[in-house]
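**Student:** Let me begin by handing over the structure; questions about it come next.
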Amino acid sequence: DECEGAGAGPEHELVAALQLRVSALLTQGALCMCFALSRFDQAQQALEAARAIQQSLLPPGGVACGGGACSLQRGRALTLDTAGKVARYSGKLTEAEALLREALQLWRDSGDEGGAAATLHELGVVHLRRAEWESATALLKQSLAMKRERRPCGTTNRIGNCIGKAAASSGGGGVGTARHHSRFREEAATLHQLAVAAMSSKPP
């Protein structure tokens with residue numbers, strides 16, 4: 001869905017769509033620079049450029065859009081989430097939490113449960129880094145519950161059953177199965193962090 005903003009006509013819409021795509025590529029590039037190359041300064045510069053583009057696309061009132069499924073809203077949330085990860089890896093935990101909180105609000109405003117669950121996971125990891133076990137556990141549990149709610153086969157099915165159903169529905173494999181594997185890897189990552197919180201919070 002396209003966002004409502006200043007300007008009208010197909011040319012304006014095309015330019016806005018291209019700008020939004022550029023901001024998405026900058027965000028993706030920043031993620032690679034951070035995690036694959038450890039180039040945190042360059043990653044931050046790319047994210048600042050992405051955020052500047054997104055800011056320029058906002059309508060005069062400063063509200064991204066009124067609809068629940070807005071590409072600009074989601075793009076801003078993803079860029080902020082990525083910036084939060086980069087800040088965390090750089091050791092800037094206060095900045096990381098502020099960016100992630102802003103991203104979380106945008107995900108919630110746009111009704112994107114998957115994005116919100118991923119950002120809650122990141123917030124939990126930030127609290128783990130601060131040795132704030134109780135709040136970290138609460139955030140991670142909230143993330144895990146949301147991820148499980150998004151299972152197409154329901155929350156009570158075993159993972160193997162879900163993957164089997166996805167394979168059957170897609171003719172033995174393909175996109176459906178890959179999507180399920182990705183979702184379960186995300187669940188596993190959150191479970192791992194919950195285990196870290198549980199072990200770390202135990203007295204010696």
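**Student:** Scan the stretch 98-119 residue by residue and report those that are crowded, with 16+ Cβ neighbours inside 10 Å and outside any helix (DSSP H, G or I).
**Tutor:** Passing the criteria: Ser110, Asp112.
**Student:** Here is a check on your reading of the model: is Ser143 polar (S, T, N, Q), within 18 Å of Leu99 (Cβ to Cβ) and modelled with pLDDT of 70 or more? So that I can check it myself, show each step before the final result.
**Tutor:** On the way: polar (S, T, N, Q): yes; within 18 Å of Leu99 (Cβ to Cβ): yes; modelled with pLDDT of 70 or more: yes.
Yes.
**Student:** Any idea how many residues of the stretch 177-204 are open to solvent by 50 Å² or more (accessible area, probe 1.4 Å), hydroxyl-bearing (Ser, Thr, Tyr) and either within 16 Å of Gln142 (Cβ to Cβ) or at pLDDT 95 or above (or both)?
**Tutor:** Residues flagged as open to solvent by 50 Å² or more (accessible area, probe 1.4 Å), hydroxyl-bearing (Ser, Thr, Tyr) and either within 16 Å of Gln142 (Cβ to Cβ) or at pLDDT 95 or above (or both) within the stretch 177-204 amount to 0.
**Student:** Go through (1) modelled with pLDDT of 90 or more; (2) among the hydrophobic types (A, V, I, L, M, F, W, C); (3) touching a Pro at 6+ places or on another chain (Cβ under 8 Å) for Cys162 and report which single condition fails.
**Tutor:** Status for Cys162: all satisfied but (1).
**Student:** On to the next question. Scan (1) of a type in the set (Asp, Glu); (2) open to solvent by 70 Å² or more (accessible area, probe 1.4 Å); (3) modelled with pLDDT under 95 for the single condition Glu95 breaks and write down its number.
**Tutor:** Result: Glu95 fails condition (3) only.
The values are calculated or read from the model by the stated rules, or taken from the named source; none is laboratory data. Given the structure is predicted, the values throughout are model-derived calculations rather than measurements. Methodologically, a virtual Cβ is constructed for each residue, glycine included, from the backbone with ideal geometry; neighbour enumeration extends over all protein chains shown. Protein only, heavy atoms only, side chains kept; ligands, DNA and RNA dropped before computing areas. Shrake-Rupley method; radii C 1.70, N 1.55, O 1.52, S 1.80 Å.
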